[in-house]
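See structure below.
No value in this document is a laboratory result; all are computed from the given coordinates. Because the structure is a prediction, the values reported are computed rather than measured. Cβ atoms come from the backbone with ideal geometry, glycine included; neighbour counts cover every protein chain shown.
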Amino acid sequence: MHSIKFLHCADLHIDSPFYGLHTLPNNILKKVRASTFESLRKVVQTALDEEVDFVLIAGDLFDGENRSIYAQAKLREQFLQLQEANIHVYVIHGNHDHLEGNTSTSFQYPNNVHIFPAEVTSFPFYKHNQHVANIYGFSYPTRHHYENRVDEYVKEEDVPFHIGMIHGNLAGREEHDPYAPFTVQQLLSKQFNYWALGHIHKREILYSNPYIVYPGNIQGRHKKEEGTKGCYVVTMSEEKTELQFFKTETVLWDTTFINIENMKSIDRIVDAIQDEKRKKRAKHEGVLLQVILQGQGELHSELVQQDNQNDLLVLLNEQEEEDVHFVYTYDLKVQTQPLINKDQLKETPFFIDFFKLVEETSDIDFSALYSHSEARKYLTSLTLEEKQEMKTEAEQWIITKILEEKR
Ligand SMILES: [Mn+2]
């Protein structure tokens with residue numbers, strides 16, 4: 001019986017510039033900027049450790065179309081490692097590293113690396129001199145490529161395994177650029193054994209028989225790319241296919257929520273955050289952390305002061321630059337609410353009327369805004385829930401302001 005084992009990764013985005021992070025301390029910024037290279041090294045190490053037959057890279061190897069000599073040299077180094085182990089590499093280029101962008105500097109990769117041209121093409125894979133698989137794919141000729149190309153994938157020859165590679169968007173997913181769209185049904189109709197996708201950075205298995213897989217990127221690049229990142233090692237026989245995930249991120253983007261309810265002094269908050277940080281430090285090499293404070297509590301009024309927030313951040317990040325396993329808080333968000341004893345307030349002169357008014361207001365009147373000739377173009381109608389939320393927020397805001405003034 002035939003079997004193959006391969007590694008599937010995508011969206012390496014090596015040499016991502018991380019422009020938005022220039023406020024990070026130097027040591028940490030350096031590690032973040034090196035993270036895409038380090039994660040690539042881990043992908044290759046996984047391929048070597050797992051002794052796979054070949055590696056599939058489903059597009060966006062480079063972040064920029066003007067890929068630097070440095071990035072290409074680093075990639076070549078890794079390809080050479082794979083060559084030494086006799087591991088073949090199949091590469092398609094995506095929207096970030098399309099073929100047209102490769103004209104300024106050219107690099108020769110070792111001959112274990114097969115790069116797909118702009119037409120859908122198939123490369124044969126031989127194991128022990130037997131032709132066991134065909135791998136199909138195409139590279140983006142230019143950056144913007146909106147055509148559905150699935151029709152061009154046609155099974156060639158009678159070999160045990162057919163594997164398709166596409167860097168593209170699942171049709172209907174509007175939050176991503178609609179490049180090279182496809183539908184699951186379309187891919188299934190091809191009766192391939194595996195579809196190795198790229199483009200969407202969030203890991204997702206679209207179908208499991210056969211597998212249609214987005215492995216996600218190998219290293220998060222901003223706060224919207226939170227959580228563990230990595231690649232899949234696929235073991236395939238004529239009977240079954242098995243997937244194993246390997247994590248490769250070097251710097252983890254993460255968020256932690258702290259509830260201030262029942263906390264009577266700021267040191268409790270600091271301790272709670274430090275606790276979270278300790279746990280994360282034990283598990284990860286580097287963490288860029290967003291801390292969100294929530295809940296109703298008496299510390300609210302202290303926390304909303306910008307000076308205090310700045311102080312807290314300085315305190316939390318002290319020493320992080322020196323730590324090998326850093327947990328750096330890049331953002332502290334205060335979403336807390338004041339502690340109000342409504343029942344008590346309801347008995348005081350002003351608030352008796354205030355709460356009566358709130359209760360009687362069943363609907364906030366936005367008619368002036370919604371009938372405004374310019375504004376209304378940009379507005380969608382509000383749900384009942386949204387209106388209720390706004391009412392509660394407004395109530396909280398007014399109470400906080402009034403109580404503050406009384407002090
Ligand atoms: Mn990408």
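In the neighborhood of residue 310, defined by Cβ-to-Cβ distances under 15 Å, what is the net charge if each Lys or Arg adds +1 and each Asp or Glu adds -1?
Computed value for this residue: -4.
Rank the residues 165, 236 as a footprinting-exposure proxy: fewest other Cβ atoms within 10 Å of their Cβ go first. Present the calculation step by step, with values, prior to reporting the outcome.
On the way: 165 28, 236 24.
Ranking 165, 236 by Cβ neighbours within 10 Å, fewest first, gives 236, 165.
Provide the FRET efficiency to the nearest 0.05 for the residue 148-residue 100 pair, computing r from the beta carbons and using R0 = 30 Å.
0.90
Please give the FRET efficiency for residue 278 paired with residue 243, using the beta carbon to beta carbon distance and R0 = 41 Å, rounded to the nearest 0.05.
In this case the efficiency is close to 0.80.
Exactly which GluC sites (Glu not before Pro) in segment 330-379 are in a DSSP loop and have at most 10 other Cβ atoms within 10 Å?
The qualifying sites are 347, 374.
Return the single residue from 173, 33, 41 with maximal mean-square fluctuation; model: Gaussian network over the chain, springs between Cα atoms under 10 Å.
Fluctuation is largest for 173.
Go through segment 26-62 and name the GluC sites (Glu not before Pro) that are in a DSSP coil and have 13 or fewer other Cβ atoms within 10 Å of their Cβ.
51
Can you give me the long-range amide H partners of residue 297? Hydrogens built in the peptide plane at 1.01 Å from N, cutoff under 5 Å, separation of 5 or more residues or another chain.
For residue 297, the qualifying residues are 337, 339.
By how many nm would the segment from residue 387 to residue 268 lengthen if fully extended, with 0.36 nm per residue of separation less the alpha-carbon distance?
That works out to 39.4 nm of additional length.
Just to confirm a number: summing +1 for Lys and Arg and -1 for Asp and Glu over residues other than residue 119 whose beta-carbon lies under 14 angstrom from that of residue 119, what do you get?
-3
Cut-off is 10 Å between beta-carbons; in what order do 93, 98, 176, 88 appear when sorted fewest neighbours first?
Ascending number of Cβ neighbours within 10 Å: 176, 88, 98, 93.
What FRET efficiency do you get for residue 34 and residue 206 if R0 is 25 Å and r is their Cβ-Cβ distance, rounded to the nearest 0.05?
The computed FRET efficiency comes out at 0.20.
Charges on Cβ only, +1 for Lys and Arg, -1 for Asp and Glu, centred on the Cα centroid of the chain; of 184, 219, 336, which one is farthest towards the dipole's positive end?
Projecting each Cα onto the dipole axis, the largest value belongs to 219.
From the cross-link list 223/283; 127/155; 280/333; 127/229; 155/202, which pairs have alpha carbons spaced over 21 Å apart? Walk me through the intermediate numbers first.
Values: 223/283 19 Å; 127/155 19 Å; 280/333 19 Å; 127/229 30 Å; 155/202 29 Å.
From the list (223/283; 127/155; 280/333; 127/229; 155/202), the Cα-Cα distance tops 21 Å for 127/229; 155/202.
Scan around residue 59 for amide H atoms under 5 Å from its own, H built in the peptide plane at 1.01 Å from N, and keep only partners 5 or more places away or cross-chain.
Residues meeting the amide H criterion: 11, 92.
So, with +1 on the Cβ of K and R and -1 on the Cβ of D and E, and no other charges, what is the size of the charge dipole of the chain about its Cα centre, to the nearest 20 debye?
The calculation lands at about 540 debye.
Using a cut-off of 14 Å between alpha-carbon atoms, which aspartates and glutamates can reach residue 346, once sequence neighbours fewer than 8 places away in the same chain are excluded?
359, 395
Quickly estimate the mean residue ellipticity at 222 nm for the chain, helices only: each DSSP H run with n ≥ 4 gives -39500 (n - 2.57), and the total goes over all residues, rounded to 500. All intermediate terms of the calculation are to be shown ahead of the outcome.
Working: 10 runs with 123 residues, N = 407.
So the calculated ellipticity at 222 nm is -9500 deg cm²/dmol.
Just rank 348, 241, fewest to most, by other beta-carbon atoms within 10 angstrom.
Fewest-to-most Cβ neighbours within 10 Å comes out as 348, 241.
Residues with beta-carbon under 10 Å from that of residue 262, excluding residue 262: net charge, scoring Lys, Arg +1 and Asp, Glu -1? It would help to have the intermediate numbers written out before the result.
Working: positive: 264, 268; negative: 261, 298.
Around residue 262, the surrounding residues sum to 0.
PRE reach from residue 173 (point 7 Å along Cα→Cβ): which of segment 184-219 fall under 12 Å by backbone N?
184, 197-207, 212-217
In nm, what is the difference between 0.36 nm times the number of residues separating residue 261 and residue 347 and their Cα-Cα distance?
Length gained between residue 261 and residue 347: 28.5 nm.
Whole-Hz ³J(HN,Hα) for each residue in segment 117-132, computed from phi via Karplus 6.51 cos²θ - 1.76 cosθ + 1.60 with θ = phi - 60°, x for glycine and proline: what do you get?
Computed from phi, the couplings for segment 117-132 are x, 6, 8, 5, 9, 10, 10, x, 10, 10, 10, 6, 6, 10, 6, 9 Hz.
Return the single residue from 379, 252, 316 with maximal mean-square fluctuation; model: Gaussian network over the chain, springs between Cα atoms under 10 Å.
In this elastic network of the chain, the residue with the biggest mean-square fluctuation among 379, 252, 316 is 379.
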